[in-house]
Each structure stands twice: as C-alpha cells, then as structure tokens.
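Presented below is the structure to which this report refers.
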Amino acid sequence: MTACRVCGTNISSPTYEVPAPALTSIMTLLDVPTRVFVCAACGHAQSDDIPDIQAFYDTGYRISLNSEDHDQIFAVSADGTITYRTDHQAALALRLLDLPDGALILDYGAAKADTLRKMTVSRSDLRPHVFDVSSDYAAAWQSWVPQAAQATYSVPGAWQETFDAIMSHFVIEHVADPVGFMREVRALLRPDGAFLFSIPDVAGNPGDMAVADHLNHFSEASIAHALASAGFQLQTIDKTSFPGAFFVVARRIEMPAQTATSSAAAEDAAKQARDICDFWDQASGKLRDGTQHYARRKVAIYGAGFYGSWIYCRIGQAVDVVAFLDRNENMKGATHFGIPVLSPEDLPAEAEALFIGLNPLKARAAIAAQPWLQRPGLDHVWL
Ligand SMILES: [Zn+2]
C-alpha cells in the first residue's frame, strides 16, 4: 500500500515490479527493486522513494558537470546540424513565458542553469536568480548571476512573493512531494506570477516509467490535479515542442482553484500508465529470450542512453557486449559500464546481434534509416 503523491489516495499494489538493480536517470545502479504504482483517482503514476534521496542530489547527482560543453542532444537535422537541449529549452521558455521587461526570474532546482543563462543572452533585461539543493553548481553560476541572487540548500526569506516567473526544468519528476514543491514555488511568486516547468511525458517516452529516480510519472490529468491543489491556474500544457516532455505554464492564483481533473480523464491516464507498465514487463521477457539465444556470443547495443543502459543491466552478464553504438558526438571515445561507445557506422564486424535501446515509439524508423545496421547475418533484437 502506498499513498498517491498527488491526490493522497491509497494505492493497494504495484502495477509494475522488477527486482534490483534499479537504473537511475544518470545511468547508475541502485540496489533496490523498481516498483510503479498507478492512481486511478487522479491518473498519476509513481515509483518508490530512492534510498538516501538528499545525498543523491547533494553530492551524487552531477548531471552535465564534467565538461563545459557537455549537453544532451535534442535533435539532429537532415543536414547534420545539432540542436542542444538547453538551447531548445531556452527558446521554448521565452516563447511560453512571454516575460515583461526587466522580469525577476528564478531557476528553482537550477543545476548549472544553462537554460536561464541562454535566456539572458537573448534577453539582457532579465534579472536571473538561481536555487539548488546542492552547492556543486556555484562555480557554473559565478560569472553571470550576482552573488545575492544565488541560493543553495534554502531560499532567503526576502525572496517570498517577489518573482515574476519561476522555472523548474526536469526537477519535479524527482521530488517525493510534488504538490508541496509547487506550494513552495507559489510562495516565491508575486500574485499572478508564472510558473513554467518541464517534466517527462511517459506516454511519449515510455522509458521514463522504469527510471528509478523519477518518482513521478505525470499525466495531463495528474498535472492539472497537482497544480489546482497547490494554488495555481493551469494555463498551457505543451507536449509537442519537446517530444517526450511536457512544458507546463501555470499562474499563481489567490483563491483555491477548482480541481480540474475529470474522473474519466484520470481513468484514461491510469489505463495508459498500466499499458506502459505492461510494455516493460514484455520487454523484460523479450530480453530474457534474447539472452538465452545469444548466451556468451558477441552482441552490440544501439543507444547508450537510458534504454540501452537498461538492456545492458539485464543482459550484460550473460552475453558478450562488444560495443554500445550512439550518435551523440559527446560520447565518442567514451566507455559506458566499461564497454566502448562507438559511432553506429563503426559497428564491430564480430557482432551477431544488435539490441535496440531506443524509445520504442521511434526505434524502428531510426534503425531503418541507417544502412550500415542492415548487414546480412546481423539480428535486430527489439524491446
Ligand atoms: Zn492520485
């Protein structure tokens, strides 16, 4: 039994459950099972708390810290032009927020705050502030955020009710109490201030359901419920500009909002979440079959992101993984779990099978577009 993190309803049993190890969003392993609970009352799906969550984010979670240029790729166009995630987020945030001149804006759970920094490059009038629950990022803020506009571990009392806008990019999926988090944000906004947040859309990227440190897997129904409970009026849910993610804009309101979720919408969302859990059960079964078939033979894994890492955790002991293949230039020459990461064109000739570690909604088109992966005698194993 567990209580829904959004509406408090008791959920009697998990819909999805696999034994340890669990894989985190930063590709580390935790010695805990992965369990997902689905709430039919508000359409939320959620995972168990991870052990020692504060230490994990304070000192253990250093996303994109190693190199100044390391950023995740958002898209690669036909002519090879790469768009990085934070550039896309910055443009999207400026468009969705429509900020007034000289706006006071806070990145809450900022990490390096690259998105906000890029926003201030095109909007030098903005007055940026940053907050994080770790001091790891202070050096990344130093050159462009005034000292008084930086906060770590706790937010200064003087910041209450001051901000025109607050952003949280890919933070709320990690927090144990998302409604409490939204209330903290609301208290920092001026009346009618805007809150923009991005979170994974598990329906657009089913892999999110199996990420151990993503405690929340929101639906549009549970987003609406959470915001109403926290004192916000939902303005926009954009799920097309950043495939696999929701970009949500809400306004601080003074009166308690009506809970905007209909029970039909919540039930639809819960059904969709259960279907995704079923997908992962089936994927586990396919990997077990594949592992038996290719036991101790040489295989490669396409994708060094979450899906490919998840596959490796389940087959790496039983088969001989000779390479990860990944198009991300930043990973070229790297090793992942001690295995070399190669460009797809460099698929080793000795590989007899290629396990496809991509978003299943996009995987077949992505693999079909690469002739060097259609070699005779190379089997494709799909999730
Ligand atoms: Zn609920």
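With the helix formula -39500 (n - 2.57) applied to DSSP H stretches of n ≥ 4, the chain reaches a computed 222 nm mean residue ellipticity of -7500 deg cm²/dmol. Residues of segment 99-135 with backbone nitrogen within less than 19 Å of a virtual label 7 Å along the Cα-to-Cβ line of Ala187, please, listed as ranges. Counting backbone N atoms under 19 Å from the label point, the list is 106-110, 130-134.
Proximity of backbone amide H atoms, modeled 1.01 Å from N, is registered between Phe74 and Thr83, Tyr84, Arg85 at under 5 Å, excluding neighbours fewer than 5 places apart on the same chain. At a threshold of 8 angstrom on Cα-Cα distance, excluding pairs fewer than six apart, so keeping six or more, what relative contact order does the chain reach in percent? Computed value for the chain: 15 percent relative contact order.
Residues whose amide H comes within less than 5 Å of that of Asp107, counting only those at least five positions distant or on another chain, are His129, Val130, Phe131, Met167 (H built at 1.01 Å from N in the peptide plane). When a 1.4 Å probe is rolled over the protein heavy atoms, the share of accessible surface on the chain that falls to carbon and sulfur comes to 50 percent. When the convex hull of its Cα atoms is viewed from all sides, segment 296-381 shows a mean projected area of 5.1 nm².
DSSP bridge analysis restricted to the chain gives an antiparallel fraction near 50%, rounded to the nearest 5. Here the gap between Ser13 and Thr81, fully extended at 0.36 nm per residue and compared with their Cα-Cα distance, gives a gain of 19.9 nm. Show me the GluC sites (Glu not before Pro) within segment 109-196 that DSSP assigns to loop and that have at most 15 other Cβ atoms within 10 Å of their Cβ. The qualifying sites are Glu161. Can you give the FRET efficiency for Gln147 and Glu345, using 1/(1 + (r/R0)^6), R0 = 51 Å, r = Cβ-Cβ distance, to the nearest 0.05? Calculated value: 0.60. In the chain, the ratio of gyration radius to Kirkwood radius, Rg to Rh, stands at 0.97 when only Cα atoms are counted. Here the calculated FRET efficiency for Ile26 and Arg95, from their Cβ-Cβ distance with R0 = 30 Å, stands at 0.55, rounded to the nearest 0.05.
About its Cα centre, the dipole of segment 302-351 is roughly 200 debye, where the only charges are +1 on Lys and Arg Cβ and -1 on Asp and Glu Cβ. Expressed in units of 2.2 N^0.38 Å, where N is the residue count, the Cα radius of gyration of segment 73-258 is 0.99. Listed as lacking a disulfide-compatible partner in the chain: Cys277, Cys313, by the criterion of no other cysteine Cβ under 4.7 Å. Here's how it looks for Leu126: its modeled amide H is under 5 Å from those of Gly102, which are all 5 or more places away or on a different chain.
The values are calculated or read from the model by the stated rules, or taken from the named source; none is laboratory data. Everything numeric here is computed off the predicted structure, so don't read it as measured data. No Cβ is skipped: glycine too gets one built from the backbone with ideal geometry, and neighbour counts run over all protein chains shown. Only protein heavy atoms, including side chains, enter the accessible area calculation; ligands, DNA and RNA are left aside. Shrake-Rupley method; radii C 1.70, N 1.55, O 1.52, S 1.80 Å.
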